[in-house]
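*Asks:* Please read through the structure below; I'll follow up with questions.
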Amino acid sequence: MTALIRTILRRYFRSKLCLLFLAMSLAAGVISGKFCYQQIQKEFYFNAEVFTYAFAAVLFLICAGIVMIIGSAFSDGVIRLQCIHGNAKDKIALAHLLGALIWSAVCGILLLSAFCFFSRDWLTKFLTGKMMQLIPPLLMMFPVWGITIAAITLAVRNRAFSAILGIAALLGLLIWGMNTEFALDEPKYREDYASNYVYNDDGTHTLDNQKKLVPNEWYIPKPERDYKEFCYLLDPLTPIPEEGWYLANVGDNFTGADQFNKEMQSFHRARRKFLPLFQAVTILILSAVSTAVFKRRNLK
C-alpha cells in the first residue's frame, strides 16, 4: 500500500503539467491576496468576485490534474499492471484516492498561504484571534474536492468524460451553493417602518417613523430549512460562498443591533462550527463508496 501511494505521488509531483498547476495555484493565491481588498478613503471593500474566481480556478486545476493522472493510469495500463502484480483492487483505489487528496491539499496550501500573506494587513486588522474560524473549512475544501474528482474518475475511467463531469460538478455545486446560501440567509423577521403623522398644538405636524418587526415572506421554514442546511453543508464547495460572506462582512461593522444582522451572524457561526465535521464525513463516505464500486469492476 505504501509503495502504491509513493508511486502515485511520484506521478503527480513529477508531471510537468501538474507542477505547472501547482505554480498556477500559488499565482492565484498571490492575485487573490493582493486584489481581494480595496481601500477607498477610510473604508475598505472586499472584492468577492476575485476571491471566488481565484479559488474556483484552483479547484478547476485540481480537477484537471487528477483526471489526467488517474485517466492516464487507466489508458496506459498502469492500473491493470498493478492488479497483475497482486495488488488488491480496494488498495489500488484507496491509494489513488489518497494520492488525489494529498496533491489537492498541497494545491490548497499554496493558494491559502499566498492569499493570507498578501492580504495579511487586512486579515490581521479584522481577523485577529478569529483565523481558526476561517482557515479549517477553506483548507479542507481542497481534499474534499480532490476525493470527489478522484471518485468520479475511478468510476468513469474515460479522461474526457471524467473532465466534463468534473467541470459540470464544479459549476453546478458552486452556483447551487451560492444560491442556497443567499436563500438561507433570509431571516425569519425583517424590519419595517410605520409612518404616522403627529399633530402639534400649533396645527403643524411631524412625521414619526416607528420601526417594527414583520414576518419575512422569503424566509424558508422548517423542515425544508433543515434539509437545505444539511445539503448545503455537504456541498464540497460550500466554503467559497460561506467564507466569502464572512470576509466581506467581518470588517464592515456588521454587528448592528437590528434583527437581520443578528440572525445572519447566528446562521454563519453555526455553519462555520459544523462545516469541518461535515467535510471529514464527506471524505470518509466518498472514499468508502468509491473503493466499494472500484472493487467490483472488471478491469479487463
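Laboratory data are not the source of any read-out in this text; all were calculated from the coordinates shown. Since the structure is predicted, the reported quantities are computational estimates derived from the model, not experimental observations. Note that each Cβ is placed from the backbone with ideal geometry, even for glycine, and that neighbours are counted across all protein chains shown.
*Asks:* Report the FRET efficiency, 1/(1 + (r/R0)^6), for Ile167 and Lys16, where r is their Cβ-Cβ distance and R0 is 30 Å, rounded to 0.05.
*Replies:* Given R0 = 30 Å and the Cβ-Cβ separation, E is 0.85.
*Asks:* Now for a separate question. What list do you get for Asp235, Asp121 if you sort them by fewest beta carbons within 10 Å?
*Replies:* Asp121, Asp235
*Asks:* So which of Lys34/Lys273; Lys273/Lys295; Lys125/Lys228; Lys188/Lys228; Lys34/Lys125 end up more than 24 Å apart, counting from Cα to Cα?
*Replies:* From the list (Lys34/Lys273; Lys273/Lys295; Lys125/Lys228; Lys188/Lys228; Lys34/Lys125), the Cα-Cα distance tops 24 Å for Lys34/Lys273; Lys273/Lys295; Lys125/Lys228.
*Asks:* Below 10 angstrom from the Cβ of Phe74, what's the summed charge of the other residues (Lys, Arg +1; Asp, Glu -1)?
*Replies:* Net of charged neighbours comes to +2.
*Asks:* Could you tell me which of rounded, prolate or oblate describes the range 4-159, using a ≥ b ≥ c as the square roots of the eigenvalues of the alpha-carbon gyration tensor, with rounded for a/c under 1.5 and, failing that, prolate when a/b is larger than b/c and oblate otherwise?
*Replies:* prolate
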